[in-house]
1. Which ranges mark the helices (runs of 4 or more DSSP H) fully within the stretch B:158-271 that have 1 or more residues being within 14 Å of chain A (Cβ to nearest Cβ) and open to solvent by 30 Å² or more (accessible area, probe 1.4 Å)?
2. Any residue in the stretch B:435-450 that's farther than 17 Å from B:F199 by Cα: show its pairings with residues that are of a type in the set (F, W, Y) at Cβ separation under 7 Å, as long as the two are six or more apart or on different chains.
3. Going through the stretch A:27-52 one residue at a time, which ones are touching a residue at least 24 places away in the same chain (Cβ under 8 Å) and over 15 Å from the mean Cα position of the chain (by Cα)?
4. Within the stretch B:285-320, restricting attention to residues that are polar (S, T, N, Q) and closer than 17 Å to B:I349 by Cα, which residue is surrounded by the fewest Cβ atoms within 10 Å (Cβ to Cβ)?
5. Looking at (1) part of a helix (DSSP H, G or I); (2) open to solvent by 20 Å² or more (accessible area, probe 1.4 Å), which one does B:G31 not meet, given that it meets all the others?
6. Quick check on this structure: which one of A:E170, A:E204, A:E163, A:E233 is over 22 Å from B:T217 (Cα atoms), open to solvent by 60 Å² or more (accessible area, probe 1.4 Å) and either more than 9 Å from chain B (Cβ to nearest Cβ) or at pLDDT 85 or above (or both)?
7. Of B:V375, B:V361, B:V348, which residue is assigned to a loop (DSSP other than H, G, I, E, B) and open to solvent by 70 Å² or more (accessible area, probe 1.4 Å)?
8. Restricting to the stretch A:37-77, count the residues that are open to solvent by 10 Å² or more (accessible area, probe 1.4 Å), polar (S, T, N, Q) and closer than 23 Å to A:S304 by Cα.
Amino acid sequence: MTSSISNSRKVYLKVWLLVVLGMAVAMSLVRLFTFAMGASGEEFIGRVVGSLKYLPKITQQQDDQVMVFGSSMVEAGFSPRQFDREMKQRGIDVTSYNFGSGGLNPLFQDYYSRRIRDIYQANNKRLKLAIIEFNPFQTTKRRYQGAVASIDGYLGMLASDEELWQLAKEDPTRGALIYNIHYFRDDISAEMITYFFGRGLQAERPKPDADPDTEEQVALRRKLGDQLSEQFEKDYPDYVDEDWSYNWQGGGTIPAERSEETLKVFEQYYESLRTPYRMASDKLWREISADITELRFQEELVESFIKIVKNFKQFSDQVEVIMLPKNSRWIKNSSEALARQQAVIERIEKATGIKIIDYQNTDRITPEMFIDTTHLTRYHGGVVFTNMLVEEFADDLKASDKKTVP
Amino acid sequence: MCSVSVLPGVIMIFNTPIFFAFFVVFLLGYGFIFLKHKPKVYFTLVASLVFYGSWNYHFIPLLVGSAVADYFIAQAIGNAASQRHKKWLVTLSLCINLGILGLFKYADFALSSVGSFLTLFGYEASLPTLAWILPVGISFYTFQSLSYTIDVYRGDMQPRKGLLEFTAALAFFPQLVAGPILRARHILPQMHDIQLPSFAQVKTGFLLITVGLMKKTTADLLAGPAATAFDGQQTISVLETWSGVLAFAGQIYGDFSGYTDMAIGIALLLGFNFPLNFRVPYFAVSPVDFWRRWHISLSTWLRDYLYISLGGNRNNRRMRNVMITMLLGGLWHGAAWTFIAWGAFHGVIITATHYLSNLAVFKPFAASNNKFHIVLKWAITFYLVLLGWVLFRATSLENAWQVICDMHSFGGALPAASSLAITIFALVSAALILMHLLDYFVLNHSKKLESKGWLFWPLLVLGQALCLLIGEPSNDFIYFQF
């Protein structure tokens, strides 16, 4: 009997080791493959990871801080150093940061804002003002469906250990999957790899009903682009390429640093980007990927947005919600979409107690201030919009300044 | 679903990390702690119930109840003095098992069908529905349990002592939710005398798990093209429709046979031998041959317990018996007219095959081993099987008819195939062939590979790594719903 028991243990030790070691080696091969491909979760959200890397340093500063948080529309349309300069001229000393980032929907932004909150709270620092963008077309069902493949990978990157543990307790199947993705797969899920390799098999991006750009238009665009790149290298010889630049507070260059001539080339370049074909193509893509005209909202994303505001309230003296200007020449919402949008706005206002400042239809921003159907140009639209934010919030910041003076 | 689970949120699917964790822990108990027979069987039963309850613990009593009822009925049949008494008892077992199945799986379908039927005659009948959740694997374990009482009734086996062993065998987690459908005479002796796995069994087990994983991963990748053809969201070319139908043929094969390969592989690691459930089915050269290769545990169950009970080939009633068997086989897969139509279609083509094979003009062709004839027979069979899959996958009979029309709309109004559509068609066909080559290899050459350890183990790990690297692990197994 003893020998049969010891024999049984021997056999099952072998089986057990083969199961565990086999899986360990297989997982190592997966890791090796993603490493060899240069694929890592950070590739997808480099700007987010970059901003979080600098946040401990930012929160150790003794200055008054303003953060503008949102999508790539914020990334393109808000200029922190422009904002600070304008505020300084009004006698207000603040440092602002651009925390706009493309490729995230409110579900992921919720986790991103939690990490920002954690770092501010860990360093006993509060934001003087948090300005959060509510982006309606980022909150739609289509936007959500488009991100389904990357949800678990993004959560692996953005959720804290406690949040992952909580998730695992609530839903062990999903928890085990995300732990696996986070700890063994460098935040690259199987779906993400499948999607990556299967891109060539996706249906071709639909083409708009417009004449494609002429060769002259393409050549001009290329020429202007090359010219601007050369000029940039001359103007900023020490520039370190980062997804999120600490020196530029998450924003980019500002007009005051560039020559008149360069700014003129930029205007020509922007114009070369706004060809009917490119604009129609961009619009069509926004329809397909984000339902930008009809705005059929995804409940879960609206809820996530409300959570974002609540997260910011925990470490900010003042929280405001804004909607960025809309390129009204290209984006014309149906009346049903506007009604849906209004209902969501009211819901957010009720849940957060904050009145949303809606710049969507401001007449100070014209279609010529956009680089495409949604993003403002850096040296024109972005500057005008940044100045609008200065005008909107200067009094608030001044008043709060006075309150803090002993 | 979460609120009624033993482990809320857990769904034990073989290709998920949570099942891996479950199995690693289970192996520790099974191989190191519970070494004596009785504790091992107890432990296996408890683990199997945790596995089943992870989906929905409300249905554990149904599973255990089914086992207990059939165990005692079989004992009673064994002790019954008269044939009449035995008949009563086996009828009771049939009523219990088929009653459970009917209540959970077919009641709503029957009620809605009666309602629709009455509407046809102008009666506005709004019959109430039960809207009950269908217990996972119910079709598998009721058939398995039923085979025991029928075998005892027929005298093919003696009733066995040991309720614990019987329940553990019925609930044994590798086969619980999607088969293969085991016969009591096959699994009970193994549960009574649990053997240590030999190293050859362990190697075959790992090979089958890896091949199953590869087939399941391929099946998941085929789900997209299949959906394009059947969802009717967009107008697609004839080639894309064919790609979709082929993709579904690959998806259902990879999904189901992949699952059973993994089930057989896991059982081998635990010292159990399960029978083969698939034998390269799309290599079949006649509809009859297809059913000898596809879901063998179901087709043989239907043959042994239904077709033969109806009289089989005797009394010139073969056609009727085939039709009844195939109709019920279709219905076994689900409560929908599409499944019934699928069963009926297979009934018709099997009957037609029998009929034509007996005609003097076709007899030489049916019996011919000429390579050209074999290829022709294969092509006809595969085409018919594909038509069957259209009925099986379609959301309704109208949808099925539309897809069949689209498949044959050459020169019609459908758009021309793009180069992307041609690429997808080629990839889908390649995936289908690859899965069959894998199966063919396992059936015919695996021993050769297993004898070369230096090649066998690295290949296995590489295969597993490939499956972990790509895929969509969140997809459920299609056959869970049956």
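1. On the way: elements: B:163-171, B:173-176, B:184-192, B:199-230, B:238-269.
Output list reads B:199-230, B:238-269.
2. Listed pairs, sorted by first residue: B:M435/B:Y253; B:H436/B:Y282; B:H436/B:F283; B:D439/B:F278.
3. Initially, the stretch A:27-52 is screened for residues touching a residue at least 24 places away in the same chain (Cβ under 8 Å), giving A:27, A:30-31, A:34-35, A:39-42, A:44-52.
Selection gives A:M27, A:V30, A:R31, A:T34, A:F35, A:A39, A:S40.
4. So the first thing to find is which residues in the stretch B:285-320 are polar (S, T, N, Q), and the list is B:286, B:297, B:299-300, B:309, B:313, B:315-316.
Now narrow it down to the ones that are closer than 17 Å to B:I349 by Cα: B:286, B:299, B:313.
Values: B:S286: 20, B:S299: 20, B:N313: 12.
Ranking the qualifying residues of the stretch B:285-320, first place goes to B:N313.
5. All conditions are met except number (2).
6. On the way: A:E170 fails: either more than 9 Å from chain B (Cβ to nearest Cβ) or at pLDDT 85 or above (or both); A:E204 fails: either more than 9 Å from chain B (Cβ to nearest Cβ) or at pLDDT 85 or above (or both); A:E163 fails: open to solvent by 60 Å² or more (accessible area, probe 1.4 Å).
It is A:E233.
7. Details: B:V375 fails: assigned to a loop (DSSP other than H, G, I, E, B); B:V348 fails: assigned to a loop (DSSP other than H, G, I, E, B).
After applying the criteria, what remains is B:V361.
8. Step one: of the stretch A:37-77, the residues open to solvent by 10 Å² or more (accessible area, probe 1.4 Å) are A:37-40, A:42-44, A:46-47, A:49-50, A:52-54, A:56-57, A:60-64, A:72-73, A:75-76.
Among the residues that remain, those that are also polar (S, T, N, Q) are: A:40, A:60-62, A:72.
Within this subset, residues satisfying the condition of being closer than 23 Å to A:S304 by Cα are A:72.
Within the stretch A:37-77, residues that are open to solvent by 10 Å² or more (accessible area, probe 1.4 Å), polar (S, T, N, Q) and closer than 23 Å to A:S304 by Cα number 1.
The values are calculated or read from the model by the stated rules, or taken from the named source; none is laboratory data. Predicted, not measured: the structure shown is a model, and the values here were computed from it. Glycine gets a Cβ as well: all are built from the backbone with ideal geometry, and neighbour counts include every protein chain shown. For accessibility, only protein heavy atoms count, side chains too; no ligands or nucleic acids. Shrake-Rupley method; radii C 1.70, N 1.55, O 1.52, S 1.80 Å.
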